[in-house]
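Student: Following this message is one structure expressed as structure tokens.
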DNA sequence: TTGACATATTCCTATATAGGAATATATAGT
DNA sequence: ACTATATATTCCTATATAGGAATATGTCAA
């Protein structure tokens, strides 16, 4: 079997750096395709193709306005990624290091309390 | 050009659901390959191959112990993903909705203050 | 050293890109 | 109707999988 389609889910869609760049630009607001072409320095067909993938996974929405097509971010599609990766935050976050220290202390106190029955 | 290699970066590596599952299992602690084989119901060679990809992007580390190889999580490799996706949190988080309300109010108050030169 | 166990690698194939080039479609203006 | 502008689609090709099957490598134990 080959790799899953880029349109299979958001994880596959955003594996491509250009598509992340497109989302980053759209984060600042709605944009026509040509804005993206200019800002990212890509060929127009490639941008349209990337936008199609992003649309298929629900990461962007489109709106017609005259001869332009205005794309806008739909961050909801990225929530599963956020939810998944958030579980690993403790691997690098000082905040969680601190939390771990506190939890360790609680556990130690609890163990000490065992013999003395509370107090 | 084809798609970037799965080993190109963490984004590409974790696009494959099996590899995310492997990381999820390793999050609970170090494991030999056969544990993963049993827990995920995959063929052993496939697991070894997925582990290789995860190793190449730095998401796991290995340690030899007798005839077993113990794999463990290295969450640091996932930080870039977390950092990237975090910027989109406001799209779905109520917390940020609230923050936006506050910011709007501040902006409004500032605008009102314009004519009255401070207060 | 022979055998059992644990893991990695190699070979195979169907499939899906990403980018470039060319072209199609749609809309506005004259 | 014609033209310019904006965007999408199609065709092409090199490349990289993911999984299955077979096999290689490494290590312990008798």
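Student: Once the Cα atoms of helix B:44-56 and of chain B are each reduced to a long axis, what angle between those two axes, in degrees from 0 to 90 to the nearest 10, is obtained?
Tutor: 50 degrees
Student: For residue B:63, which inter-copy label distances result when the label point lies 7 Å beyond Cα on the Cα-to-Cβ vector, reported in nm to one decimal and in ascending order?
Tutor: Computed spacing set for this position: 5.5 nm.
Student: Right, here's the next one. Suppose you put the label 7 Å out from Cα in the Cβ direction; list, shortest first and in nm with one decimal, how far residue B:97 is from each other copy's label.
Tutor: 3.6
Student: Give me the inter-chain shielding for B:2-14: mean count of other chain Cβ atoms within 10 Å, whole number please.
Tutor: Values: counts 1, 6, 3, 0, 2, 0, 2, 2, 2, 8, 7, 1, 6.
That average works out to 3.
Student: For chain B, what log10 I(q)/I(0) values come out of the Debye formula at q = 0.13, 0.18, 0.21 1/Å, with one point per alpha carbon and no solvent?
Tutor: -0.63, -0.93, -1.12
Student: Between the stretch B:1-54 and the stretch A:1-80, what's the alpha-carbon centroid distance in Å?
Tutor: The two parts, judged by their Cα centres, are 27 Å apart.
Student: Here's a follow-up. If we hang a label 7 Å off Cα along the beta carbon direction at residue A:25, how far is it from the matching labels on the other copies, in nm, shortest first?
Tutor: 4.2
Student: Here's another thing I want to ask about it. Using the alpha-carbon atoms, what tilt in degrees (0 to 90, nearest 10) does helix B:94-116 show relative to the longest principal axis of chain B?
Tutor: Roughly 30 degrees between the two axes.
Student: Moving on. With runs of 4+ DSSP H residues as the only contributors, calculate the mean residue ellipticity of the protein assembly as shown at 222 nm using -39,500 (n - 2.57) per run, divided by the residue total and rounded to the nearest 500.
Tutor: On the way: 12 runs with 132 residues, N = 238.
Helix contribution divided over all residues of the protein assembly as shown: -17000 deg cm²/dmol.
Student: Determine, from the Cβ-Cβ distance of residue A:103 and residue A:62 and an R0 of 45 Å, the FRET efficiency 1/(1 + (r/R0)^6), rounded to the nearest 0.05.
Tutor: Working: r = 47 Å, r/R0 = 1.05.
My answer for the efficiency is 0.45.
Student: Among rounded, prolate and oblate, which fits the protein assembly as shown when a ≥ b ≥ c are the square roots of the eigenvalues of its C-alpha gyration tensor, a/c under 1.5 means rounded, and a/b larger than b/c means prolate?
Tutor: Working: a/c = 3.13, a/b = 1.25, b/c = 2.51.
Oblate, since a/c reaches 1.5 and b/c is not below a/b.
Student: Where the eigenvalues come from the Cα gyration tensor of the stretch B:1-52, what are the semi-axes √(5λ) of the equivalent ellipsoid, largest first, in whole Å?
Tutor: Numbers: eigenvalues 94, 29, 14 Å².
That gives 22, 12, 8 Å for the three semi-axes.
Student: Right, next: As a check on your reading of the symmetry: which chain B residue has its Cβ nearest the axis that brings B onto A, and how far is it in Å?
Tutor: Result for the axis mapping B onto A: B:15, 2.
All of the numbers you see were taken from the coordinates with simple rules; none came from a lab. Every value quoted in this text rests on a predicted model; they were computed, and no experiment measured them. Cβ: placed from backbone, ideal geometry, glycine included. Neighbour counts: every protein chain shown.
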